[in-house]
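The values are calculated or read from the model by the stated rules, or taken from the named source; none is laboratory data. If you're wondering where the values come from, they're calculated on a predicted model, not measured in any experiment. Don't worry about glycine lacking a Cβ; one is built from the backbone with ideal geometry, like all the others, and counts go over all protein chains shown. Only protein heavy atoms, including side chains, enter the accessible area calculation; ligands, DNA and RNA are left aside. Shrake-Rupley method; radii C 1.70, N 1.55, O 1.52, S 1.80 Å.
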Amino acid sequence: MTRSTSRIWLVGMSVLWLFTVGLALGRSRFDEREGEDKARIQDPVQNAAQKVKRGQRTFRFETFGDQAFWGGTLKLHQAIEGARFGGVGPGVSPRTALAVGLKIDVDALPRNILEQIEKGRVNLDDPAVTLALLRLNAVIGVTGEFNTNGTLKSVGIQCALCHSAVDDSHPSLCAGAVTPNPGTGCVGRRLDGWPNRDLNVGAIIALAPDLSAFASLLGVSQDTVRTVLRSWGPGKFDAELILDGKAFNPAQISNGVVTRTNVPGATLIPPAVGLGGVNLHTWTGWGSVPHWNAFVANLEMHGVGRFFDTRLDNAAQFPIAATHGFGDLPHISPDDDQITPKLSDLQFYQLSIPSPPPPAGSFDPAAAKRGDDLFSGKAGCNTCHVEPVWSEPGWNLHLPAEVCVDAFQANRAPDLRYRTSPIGAIFTHTKGGFFHDGRFPTLNAVVDHYNTCFRLGLSNSEKHDLIQYLLSLTF
């Protein structure tokens with residue numbers, strides 16, 4: 001081997017050695033980064049944070065493709081924009097929107113727009129302002145789709161429509177349209193999980209120009225559908241109407257006394273906070289959080305997904321659902337399913353929503369302390385409303401007779417029972433009454449009912465103390 005050949009050979013070996021060492025170092029660094037990525041993925045805290053963020057986006061902004069129904073089928077967007085902008089009728093002004101309980105997210109408004117609203121420089125009677133708010137994505141629970149020429153193409157709805165409110169940071173901006181549920185407002189920061197007890201779902205749906213889909217399903221005229229929808233009132237919704245067609249409870253009975261007749265079948269919108277540790281999540285125990293999310297997203301919101309619950313095949317109990325196959329919706333490609341992939345994150349977010357503390361000065365601490373002793377003692381409330389989930393751990397259902405009320409709503413659910421409602425943060429939903437249908441207007445009426453039903457023998461002062469304790473509860 002010549003000297004030049006030897007030099008070339010040594011240089012080549014050096015390059016090869018450097019390349020090998022560099023490759024090994026690179027591989028080591030790659031393995032290290034890959035290990036960090038795997039650790040990050042497997043870290044339950046980071047995983048939880050990511051799921052909460054995704055679930056919050058779903059809760060607040062996901063329509064699940066339901067705009068094809070609310071816009072395409074019912075043409076609700078035409079009623080919102082009005083004839084002036086290519087739709088029908090007078091349109092929906094911001095004042096009208098507030099009057100039916102829709103809420104405005106103050107964080108979605110540019111500061112200059114908010115200032116103009118606060119100074120009365122925005123015409124709240126002009127539907128054009130409503131369209132502008134939709135473009136800003138500021139109407140909580142409603143998403144507008146716009147054509148290139150600026151007209152409204154369609155609308156979709158989200159979970160937040162019924163299960164979010166806003167705080168009372170701008171009380172004057174209710175514009176005299178509505179007196180909101182205590183602690184909430186009309187234009188403010190989002191309060192996810194609070195039930196929107198101002199929302200008149202029925203009145204909003206009744207605005208839709210074409211209700212033939214509901215009329216055909218129920219076998220009645222569109223005028224009849226509108227009459228039923230308008231009977232619900234603020235803060236209520238009838239999820240079972242499209243299953244059994246029962247629009248009215250013929251006799252509302254409490255403690256053996258008929259208190260009202262032909263009561264609308266709608267029930268109060270429940271809170272979506274304090275669900276952790278609670279087994280069933282509707283007034284009549286249909287199922288858990290993911291079951292009800294799938295039920296509502298598919299059957300009520302009319303999103304695009306899959307749903308399976310053969311209990312709906314019971315034609316005697318659910319004649320409409322059984323006839324139309326609601327217990328096993330058409331099988332679609334997983335790639336087309338806009339609901340199922342989001343159920344896990346949505347559930348995780350709902351279970352993570354913190355329960356608010358009771359407002360300062362909203363209850364008498366000394367009386368609440370005495371009420372605490374009554375709650376677990378003489379009144380026996382803790383037998384069913386077990387602290388701190390405020391419902392029974394386990395199968396939290398009871399026959400109507402056990403709580404001295406009629407069976408109308410219980411009979412519209414598979415187990416024919418009522419759930420023990422979690423009573424934490426009860427101060428978030430005092431508007432509209434109590435029990436599933438709001439039959440008791442105040443907590444005093446609730447305590448009186450149970451005092452009679454269970455023969456508790458509570459004095460007036462004891463009732464007062466018990467109510468103060470109820471007002472102090474959170475989750």
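With the dipole of the chain worked out from charges on the C-beta (+1 for Lys and Arg, -1 for Asp and Glu) around the Cα centre, which of Gly394, Leu211, Asn444 lies farthest toward the positive end? It is Leu211. Of all beta bridges DSSP finds with both residues in the chain, what is the antiparallel percent, to the nearest 5? About 90 percent, rounded to the nearest 5. Would you mind pulling out the separation of the Cα centroids of the stretch 323-364 and the stretch 228-287, in Å? Cα centres, the stretch 323-364 to the stretch 228-287: 19 Å.
Only four residue types carry charge here, +1 at the Cβ of Lys and Arg and -1 at the Cβ of Asp and Glu. Report the dipole size of the stretch 406-458 about the Cα centre in Debye, rounded to the nearest 20. Please list the in-between numbers first.
Numbers: 6 positive and 4 negative charges, 13 e Å.
Dipole of the stretch 406-458, to the nearest 20 debye: 60 debye.
Between the Cα long axis of helix 443-453 and the first principal axis of the chain there is an angle of about 70°, rounded to the nearest 10. Dipole magnitude for the chain: computed about the Cα centre from +1 point charges on Lys and Arg Cβ and -1 point charges on Asp and Glu Cβ, it is near 900 debye. The label point for Lys378 and the one for Val88, both projected 7 Å from the Cα toward the Cβ, are 6.1 nm apart.
Give me the dipole magnitude in Debye, nearest 20, for the stretch 339-417 about the Cα centre, with unit charges on the beta carbon: positive for Lys and Arg, negative for Asp and Glu.
Details: 6 positive and 9 negative charges, 20 e Å.
That gives a dipole near 100 debye.
Compared with the dominant principal axis of the Cα atoms in the chain, helix 222-231 is inclined by about 80°. Under 1.5 on a/c is rounded, so check that first for the stretch 211-319, then, if it is not, pick prolate when a/b is larger than b/c and oblate when it is not; a ≥ b ≥ c are the square roots of the alpha carbon gyration tensor eigenvalues. Because a/c hits 1.5 or more and a/b fails to exceed b/c, the stretch 211-319 counts as oblate. Annotated for the chain: lysine pairs at least 8 residues apart or interchain, Cα distance under 21 Å, count 14.
Each Cα pair under 8 Å and six or more residues apart adds its sequence gap; the mean of these over the residue count of the stretch 175-297 is a relative contact order of 21 percent.
Across the stretch 132-239, the mean sequence separation of Cα contacts (distance under 8 Å, 6 or more residues apart), normalised by length, yields a relative contact order of 19 percent.
Could you run the Debye sum over the Cα atoms of the stretch 268-406, one equal point scatterer each and no solvent, and tell me log10 of I(q)/I(0) at q = 0.09, 0.11, 0.14, 0.15 Å⁻¹, two decimals? Those come out to -0.41, -0.59, -0.85, -0.94, one per q. 222 nm [θ] for the chain, helices only, -39500 (n - 2.57) per DSSP H run of 4+, per residue, to 500? Estimated from H runs of four or more residues: -11000 deg cm²/dmol.
Based on protein heavy atoms only, the chain ends up with 46 Å² per residue of surface accessible to a 1.4 Å probe.
Give the calculated FRET efficiency between Ala175 and Thr442 to the nearest 0.05, with a Förster radius of 22 Å applied to their Cβ-Cβ distance.
0.20
How high is the FRET efficiency from Ala48 to Asp328, r the C-beta distance, R0 41 Å, rounded to 0.05? Write out the running numbers ahead of the final one.
On the way: r = 33 Å, r/R0 = 0.81.
E(calc), rounded to 0.05, equals 0.80.
Each Lys or Arg adds one and each Asp or Glu takes one away; over the other residues whose Cβ falls under 13 Å from the Cβ of Pro400, this sums to 0. Database note for the chain: Cys without another Cys beta carbon under 4.7 angstrom, Cys159, Cys162, Cys381, Cys384. Within the accessible area of the chain, the carbon and sulfur atoms contribute 58%, probe 1.4 Å, all protein chains present. 3J(HN,Hα) couplings calculated from phi for the stretch 391-403 with the Karplus curve 6.51 cos²θ - 1.76 cosθ + 1.60 (θ = phi - 60°) are, in sequence order, 8, 6, x, x, 7, 8, 10, 9, 5, x, 4, 5, 10 Hz; Gly and Pro show x. Take every Cα pair under 8 Å whose residues are at least 6 apart in sequence, average their separation, divide by the length of the stretch 76-165, and the relative contact order is 28 percent. Tilt of helix 3-42 relative to the longest C-alpha principal axis of the chain, in degrees (0 to 90, nearest 10)? Once rounded, the angle reads 10 degrees.
Assuming 0.36 nm per residue, please report the length gained on full extension of the stretch Asp336 to Thr310 beyond their Cα-Cα distance. Walk me through the numbers on the way to the answer.
Details: separation 26, 0.36 × 26 = 9.36 nm, distance 2.26 nm.
Using 0.36 nm per residue and subtracting the Cα-Cα distance, I get 7.1 nm.
Scalar couplings 3J(HN,Hα) for the stretch 415-426, obtained by applying the Karplus form with A = 6.51, B = -1.76, C = 1.60 to θ = phi - 60°, are 8, 6, 9, 10, 7, 6, 6, x, 9, x, 6, 5 Hz; x denotes Gly and Pro. The structure-derived value of volume of the Cα convex hull per residue in Å³ appears in the list (1) 227; (2) 131; (3) 147 under the label (1).
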